[in-house]
Amino acid sequence: MSLPLPPAVDSMWAATAGPYAPNPALDGDTTVDVAIIGGGYTGLTTAYELRRADPSLNVAVLEAREVGFGGSGRNGSFAMTVVGLGFSGTAMIKGKDFLVQAHRYMMRAVDTLDELVDNEGLDCDKIRPGFLRVATTEKYLRRIRKEVDLMNRLGFDDIFYMDKDDVRQRVNSPVHLGALWEPRLILVHPLKLVRAERDLATRYGATVYENTPVLRVRRGENFDLETPSGTMTANKVVFATNAYSHFFPGLKRKQVPAFTHMLSTEPLTPEQLEPIGWQGREGVEDMRNLIHHYRLTADNRVTMGGGPVGFTWGNSLNADHRPAAWQEVESHFRVTFPHLRDVQFSHRWGGPFSVTMDLTPAMGFLGDKRAIYSLGCIGHGVSMVHLNAQVLRDMVLDRESELTESPFVGRRVIPWPPEPIRLAMGLAMRSYLRLEDWSRERDLRRAKAQVHAHQPPPAVSAGVQK
C-alpha cells in the first residue's frame, strides 16, 4: 500500500509557528508494546496518556509526515462543545438523550484540553474567550432561539441568547443580528499545540517517528507495521488516523475525508480593528449548516474558514487547493467586515476532516481488542480528541471506566458505500445542506453580489444599520 499524500498548502499557522526540527524516521526493525499510527492530537496525547498511566509501556507514534501535517496543524483552532451538525442536528439524527450525553462529554473535553495545556505548560497561544454562534439572517435568528431553548430545556444553563445590540457590542458587524453565547470555548495556535504535544509525549517516554508512513499492517500473533525503512512489531495498535483512515482496509468505509478551506489576513492595526471592537477576542461561527468561523489571532490577524465542503472521487486527498472555496470565504469576510474590504489575505489553505455516514464520531475495536481506532470528528476535533485520548488509553489497557461508556465508543458505524455511490451520497448530503442555507440567505446573497461588483454592501435585514 502507498500513501499518496499531497504537499500541504502553506498555512498561516505554519508561517507563524516558528522553526521546527522533525524527529528522525524509523530506520530498521523494532518492537514495542503499543504502536500508534498518526502524529496528530489524537496519537500524541494517547501516547502521553498511556505513558502517564503505565511508565513501563514501550509506546511509539508513527507519523507519515511531520506531526501536525493533517487536521491537527491546519484547523480553525476552535476547541468547542459542538458535535456533528450542532445541537438540533445531533438531536434530530441521534435523539435528545444522545445529545445530552454527547454535550456533557464535549464540555469535559474542552476542560480537559484547558487543564492539559496549563498543567503541562504547553506553549500554544491558548485563550478561553467564549463562543458566539451568530445569526446573519432573520431565519437563522429564529433557529438560534430554538437552539438555545433546546439546550436550556435539556438542563444546560450556560448557553444563552444574545440580542443584536449585545452581540455587536462584542463583535460589531452589519450581518450580526443576534447570537448564541457559550462561555466554554478555547482558542489555540493549532500547529504550536501539536508540536508541543510531540515534545510532551517524548518527555513522558514515548518515541515519536516522523516522516514514517505505515505502508501495511499485518496481523498475526503480533502486529507488523511495514514502513519504507523498517518494520515495527507491536502487541497492540491504535489507529489515530481520522481523515486518513481509509488507507487501512478495516477502516476504509467507516469514514471519508471531506475538505474545508481557510484564509488569513496580515496583522491588522488598532485603527482597522477599532470599528469591530472584539476586545474579548471571542471565537465566532455563523448559524449556517456549512458554517463560516472566524477569530482574532495572537498577532491580530483575522482568520476565516468554512463555507463549501469538498468531496473527492475515490477519497483522493488532492483538494487542499480550491480557489472557488477561498473566493466564497473571502466574499463572506468582506460582507461581514465591510470596512476591511481592501484588506489583503496573506495565506490561503485547506485540508481534510473525517466524516462518518451519520455525522457522529466513533471509537472502537478493529477485529479484536488489540486494535483500536478513533475517527469521525466532523471538523470539531480540537477539544474532543484530547478526551478521546483518555478513552483510547483505557481501551488499550483493558480498563472499564466511565470514559469507555462514552456514547461514541463501540457504536455501529454505518459503512459508506463504494464508488460511485459514495461520492454521489457525499455530494447529495452537501447539496441538501447548501439548499437549506440558500433558502435562508436571500438578503445575504444580495450583499455578497454587491461586494463582487465592488459596491457598498447593504444591510442584510430590515433594521440593520451599515
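The values are calculated or read from the model by the stated rules, or taken from the named source; none is laboratory data. The model shown is predicted, which means the values in this text are computed figures rather than measured ones. We place every Cβ from the backbone using ideal geometry, glycine too, and count neighbours over all the protein chains shown.
Keeping to segment 327-344, report how many residues are under 22 Å from the mean Cα position of the chain (by Cα) and surrounded by fewer than 21 Cβ atoms within 10 Å (Cβ to Cβ).
Matching residues across segment 327-344 total 3.
Among the residues of segment 254-277, count how many are assigned to a loop (DSSP other than H, G, I, E, B) and crowded, with 22+ Cβ neighbours inside 10 Å.
So the answer is 2.
List, please: which pairs have Cβ atoms under 9 Å, are six or more places apart or on different chains, and start with a residue in segment 53-66 that is without any contact (Cβ under 8 Å) to a residue 12 or more places away in the chain and end with one that is surrounded by fewer than 23 Cβ atoms within 10 Å (Cβ to Cβ)?
That search, which allows pairs on different chains as well, returns SER56/ASP33.
Looking at ARG108, ARG128, can you tell me which residue is farther than 30 Å from ASP320 by Cα, modelled with pLDDT of 95 or more and either hydroxyl-bearing (Ser, Thr, Tyr) or surrounded by fewer than 24 Cβ atoms within 10 Å (Cβ to Cβ) (or both)?
From the options ARG108, ARG128, the qualifying one is ARG108.
Could you tell me whether ALA234 is modelled with pLDDT of 95 or more and either crowded, with 24+ Cβ neighbours inside 10 Å or not in a helix (DSSP H, G or I) (or both)?
For ALA234, the condition - modelled with pLDDT of 95 or more and either crowded, with 24+ Cβ neighbours inside 10 Å or not in a helix (DSSP H, G or I) (or both) - is met.
I'd like the full set of residues that are of a type in the set (D, E, K, R), in a helix (DSSP H, G or I) and under 14 Å from ASN23 (Cα atoms), limited to segment 190-228.
ARG195, GLU197, ARG198, ASP199, ARG203
Within segment 51-68, is there a residue that is surrounded by 19 or more Cβ atoms within 10 Å (Cβ to Cβ) and either modelled with pLDDT under 95 or at positive phi (or both)?
Looking through segment 51-68, at least one residue is surrounded by 19 or more Cβ atoms within 10 Å (Cβ to Cβ) and either modelled with pLDDT under 95 or at positive phi (or both).
Taking the options THR303, THR260, THR241, THR265, name whichever one is under 21 Å from ALA179 (Cα atoms), in contact with a strand residue (DSSP E or B) (Cβ under 8 Å, 6 or more places away or on another chain), among the β-branched types (Val, Ile, Thr) and in contact (Cβ under 8 Å) with a residue 40 or more places away in the chain.
Checking each option against the conditions leaves just THR303.
If we keep just the residues of segment 1-50 that are of a type in the set (Asp, Glu) and closer than 17 Å to VAL396 by Cα, which is surrounded by the most Cβ atoms within 10 Å (Cβ to Cβ)?
GLU49
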